[in-house]
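Working notes, beginning with the structure itself.
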Amino acid sequence: MLGLMGSTDSTTEVVLSVAARSDVAPPPQFPTGIRSGLTRVRRWVRTYLREFNAGSGEAALAQACTEFGVKPDVLKRRLGELDASERAKLRLAVAWASGSTWLTFIDPFASVPGHVRAGLRGRLADLAAAHGRGIVFTSNTLTDFTIAEAGVADIEKGELVAFGTLEQVVTEPRGTLPAELSGVNVYSGLARKGWLSIGHSAVKARTELDGKVFVTLGWRSALLSLDEHDEAFTSATVFEAIVTGLRDRGSCLQAKLSPVDTEMGLALDVDLADLAGVSHVASRARGQIGDSDDEGRARAGFGVLHPSLGESIAALRANVKVGTHVFVEVDTSALHAYSVE
């Protein structure tokens, strides 16, 4: 089980190159176009399986449909009538029915609801292990890679930038997607004479490494305020930044920041609020607000992570917009550096 993460173009290219081998089943892809939804499911299945040997007949298809929970009536319908779960199950079933030793998939669990997704992933992994089949697949969802026993490869701009276990790839990311999936900013840095520096910025930290490094900083490892002289700031390394973008990510509201002076600050993404209510107010800010976590959350307001930006979600939205200037203090103890080599 090999999982590929990265840009869609890059990972798709790798999957298709693997599928070009004679002993590999190509990724089952539904037709596109205006009339694609009118295509009969059975016709599409027969077209896919026609590329393989006689051993991949009706009996193999029926068994595969049973294994992946494809209901008999699905084959009698049109592709446009299938929901995301039915489409995913059908793709897995027809690839399995091919009888090939190696199977390939492009984002096989896309749009499938969480409870169904987990079950399909587990079923595919169990069957592959039981029957000795290999699988190469792509995904942009972190949980999908939990089944990638052979490893996870990060493909960026057509190049292999990282390969290893899921834990290795996401805890020490070398590309944009694993950094995004693990919730960190990633930078190129330099370790020299006991100090870690990121570009020309004033953000530095002690390190035992030496040479070129990658550095990560979590989305909740910086404190933001509208006041440059906020009492919550405890270091001299406070820089000014501009909010260049706002987005939703899961239950969080997030901002993209660009430093006004690149010799002082860093470009970074940072969580502004967590609407799931798990508001981990920065400890230094919490010390200014109350003596306990509960007091800090209560005073800061539901979900608010940076009380100096607004003590409620409504205030936060009113105060922070694209173009707003904020002041940032990075928790340098949260910087994680690892060698480029």
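When the solvent-accessible surface of protein heavy atoms is calculated with a 1.4 angstrom probe, in what order do Thr138, Thr66, Thr171, Thr12 fall, highest first?
Order by accessible area, largest first: Thr66, Thr171, Thr12, Thr138.
Which one of Asp83, Asp269, Asp331 has the biggest mean-square fluctuation once the chain is modelled by GNM with Cα springs under 10 Å?
The residue with the greatest mean-square fluctuation here is Asp83.
Excluding same-chain residues fewer than 8 positions from Lys256, which lysines have a Cα within less than 20 Å of its Cα?
Lys321
Length gain on complete extension for the stretch Leu226 to Arg35, per 0.36 nm per residue less the alpha carbon to alpha carbon distance?
63.4 nm
Whenever you get a sec, line up Phe30, Phe163 from highest to lowest accessible area (probe 1.4 Å, protein heavy atoms).
These residues rank, largest area first, as Phe163, Phe30.
Leaving out ligands, DNA and RNA but keeping every protein chain, what accessible area does Glu263 have, in Å² rounded to the nearest 10, with a 1.4 Å probe?
The value for Glu263 is about 120 Å².
Can you give me the long-range amide H partners of Ala222? Hydrogens built in the peptide plane at 1.01 Å from N, cutoff under 5 Å, separation of 5 or more residues or another chain.
Asp331
Remind me, relative contact order of the chain in percent, using alpha carbon pairs under 8 angstrom and six or more residues apart?
The value is 15 percent.
What length, rounded to one decimal in nm, is gained on full extension from Lys204 through to Arg317, with 0.36 nm per residue of separation minus their alpha-carbon distance?
Taking 0.36 nm per residue and subtracting the Cα distance, the gain is 37.6 nm.
Just need log10 I(q)/I(0) for the chain at q = 0.06, 0.12, 0.14 Å⁻¹, Debye formula, equal scatterers on the alpha-carbon atoms, no solvent, rounded to two decimals.
Summing over Cα pairs of the chain leads to -0.31, -0.92, -1.06.
Can you tell me, using C-alpha contacts under 8 Å and at least 6 residues apart, the relative contact order of the stretch 2-168 as a whole percent?
34 percent
Roughly speaking, to the nearest percent, how much of the chain's 1.4 Å accessible area is carbon and sulfur?
Carbon with sulfur: 51 percent of the solvent-accessible area.
Two decimals is fine: what's Rg over Rh for the stretch 2-168, C-alpha atoms, Kirkwood radius as Rh?
Here the Rg-to-Rh quotient is 0.95.
Filter the trypsin sites (Lys or Arg not before Pro) in the stretch 36-100 down to the DSSP loop ones having no more than 11 other Cβ atoms within 10 Å, then list what survives.
Taking the stretch 36-100 and a limit of 11 other Cβ atoms within 10 Å, the loop trypsin sites (Lys or Arg not before Pro) found are Arg50.
Heads up, I need the accessible area for Asp73: 1.4 angstrom probe, whole protein in place, Å², nearest 10.
Counting only protein heavy atoms, the figure is 70 Å².
Cα centroid distance between the stretch 1-23 and the stretch 224-248, in Å?
First find each Cα centre; the distance between them is then 42 Å.
Under a 1.4 angstrom probe, counting protein chains only, how are Ser188, Ser312 ranked by accessible area, largest first?
Ser188, Ser312
For the chain, with a Gaussian network of springs between Cα atoms less than 10 Å apart, report the residue from Glu81, Glu240, Glu172 with the top mean-square fluctuation.
Greatest mean-square fluctuation among the candidates belongs to Glu81.
Could you work out how far the C-alpha centroid of the stretch 140-199 sits from that of the stretch 311-334, in angstrom?
27 Å
Using Cα positions and a limit of under 26 Å, work out the lysines in reach of Lys71, with same-chain residues fewer than 8 apart set aside.
Qualifying lysines at Cα under 26 Å: Lys89.
Can you check what the Kirkwood hydrodynamic radius comes to for the stretch 160-251, Cα pairs only, in Å to one decimal?
One over the average 1/r among Cα pairs gives 15.4 Å for the stretch 160-251.
As a test of understanding, state the convex hull volume per residue of the stretch 12-73 from its alpha carbons, in Å³.
It is 115 Å³ per residue.
Applying the Karplus parametrisation 6.51 cos²θ - 1.76 cosθ + 1.60 with θ = phi - 60° to the phi angles of the stretch 7-19, what ³J(HN,Hα) value in whole Hz is obtained for each residue in order, glycine and proline being reported as x?
Using θ = phi - 60°, the values come out as 5, 4, 4, 5, 5, 5, 4, 5, 4, 5, 5, 5, 5 Hz.
Just tell me which aspartates and glutamates come within less than 18 Å, Cα to Cα, of Lys212; anything on the same chain fewer than 8 places away is out.
Cross-link targets: Glu172, Glu341.
Counting only helical runs of four or more DSSP H residues, what would the 222 nm mean residue ellipticity of the chain come to if each run contributes -39,500 (n - 2.57) and the total is spread over all its residues?
-8500 deg cm²/dmol
How big is the antiparallel share of DSSP beta bridges in the chain, given as a percent to the nearest 5?
75 percent
Using modelled backbone amide H atoms (1.01 Å from N, in-plane), which distant-in-sequence or interchain residues come within less than 5 Å of Glu156's amide H?
Amide H neighbours of Glu156, under 5 Å, 5+ apart: Val161.
Can you tell me the accessible area per residue over the chain, all protein chains present, probe 1.4 angstrom, in square angstrom?
Value for the chain: 50 Å² per residue.
The values are calculated or read from the model by the stated rules, or taken from the named source; none is laboratory data. This structure is a prediction, so every number in the text was calculated from the model and none was measured. With ideal geometry, Cβ positions are generated from the backbone for all residues, glycine too; neighbour counts draw on all protein chains shown. For the accessible areas, the whole protein counts, side chains as well, though only heavy atoms, and no ligand, DNA or RNA atoms are used. Shrake-Rupley method; radii C 1.70, N 1.55, O 1.52, S 1.80 Å.
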